[in-house]
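Asker: One structure coming up, written as structure tokens, with questions to follow.
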Amino acid sequence: MKFKDKYKTESEFEELYNFRDEKEELDHEAHMIMFRFLSEIDENQLTGSKLKKKELASRLGVSPSYITQLYNGDKLLNFTMLAKIQKVFDITFEIKARRNNSSQIQNMKNKVKAGNYADQVAEQKAVYRKKT
């Protein structure tokens, strides 16, 4: 039995790319940008070892629950917090703008529709939990 036959998830995956309105789409994009910044903190291993969220909170002077809310997508980073992260870890975030390739987005949507869930999941670095 195929995965998509066993679990009727195709429409749920498709809904990841369908937004009710522009506000919802922009909110989703804001979360994706934030997760890219957060992943830089994790991936760069700024301390030489895996940084625990409690230690990150302590270094930034915020509560552990705030860090958890960021990683859960319940709150968004602001520029002041990004500046604080740069200062605390003695780093500089690099920002690079590039044109979106609409064919890549369409290919991802087609994979979801075709049931290529493993490919689609591998292409996504961060997952945004939609609020219901």
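None of the figures in this text is laboratory data; all of them are computed from the coordinates on show. All of these numbers come straight from a predicted model, not from anything done at the bench.
Asker: Quick one: Karplus J couplings for the range 87-92, per residue in order, coefficients 6.51, -1.76, 1.60, θ = phi - 60°, nearest Hz, x for Gly and Pro?
Answerer: Residue by residue, the range 87-92 yields 5, 4, 9, 6, 10, 9 Hz.
Asker: Within the set K50/K96; K54/K96; K54/K84, which residue pairs have Cα atoms separated by over 22 Å?
Answerer: Values: K50/K96 26 Å; K54/K96 30 Å; K54/K84 16 Å.
Distance filter (> 22 Å) returns K50/K96; K54/K96.
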